[in-house]
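Comments concern the structure below.
The values are calculated or read from the model by the stated rules, or taken from the named source; none is laboratory data. Note that the structure is a prediction, hence the values are computed from the model and not measured. All Cβ positions, even for glycine, are placed from backbone atoms using ideal geometry, and neighbour counts span all protein chains on display. Accessible surface areas use protein heavy atoms only, side chains included; no ligands, DNA or RNA. Shrake-Rupley method; radii C 1.70, N 1.55, O 1.52, S 1.80 Å.
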Amino acid sequence: MRNRTIFQTVIVLATTIGLSAANALTQEELIAKIQAAGYSQVSEVKSTAEGTTAKAMKNGKEVRLVIDSSGQIKERN
């Protein structure tokens, strides 16, 4: 029983560490994620209080984006 509890704790810790590392994207990975969401010409990537911001093009129009800590990409008005 004790070995099972230790094993479960190790699995939880490993999963938590893995998820934290996954959320810490490099700038290149972030740009690739934005491009995969249908945006092009990604520029001016900056870290702000509300998340990471960037400029990009979609459907021929320039848009401002905010990428929050969970990786959600939202267009800013």
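Observations
- Cβ-Cβ under 6 Å pairs, at least 6 apart or on other chains, the range 42-53 side assigned to a strand (DSSP E or B), far side open to solvent by 90 Å² or more (accessible area, probe 1.4 Å): VAL45/GLN27; THR53/LYS46
- Residue that is farthest from THR26 (Cα to Cα) [pool: residues in the range 42-75 that are loosely packed, with under 11 Cβ neighbours inside 10 Å and of a type in the set (D, E, K, R)]: LYS61
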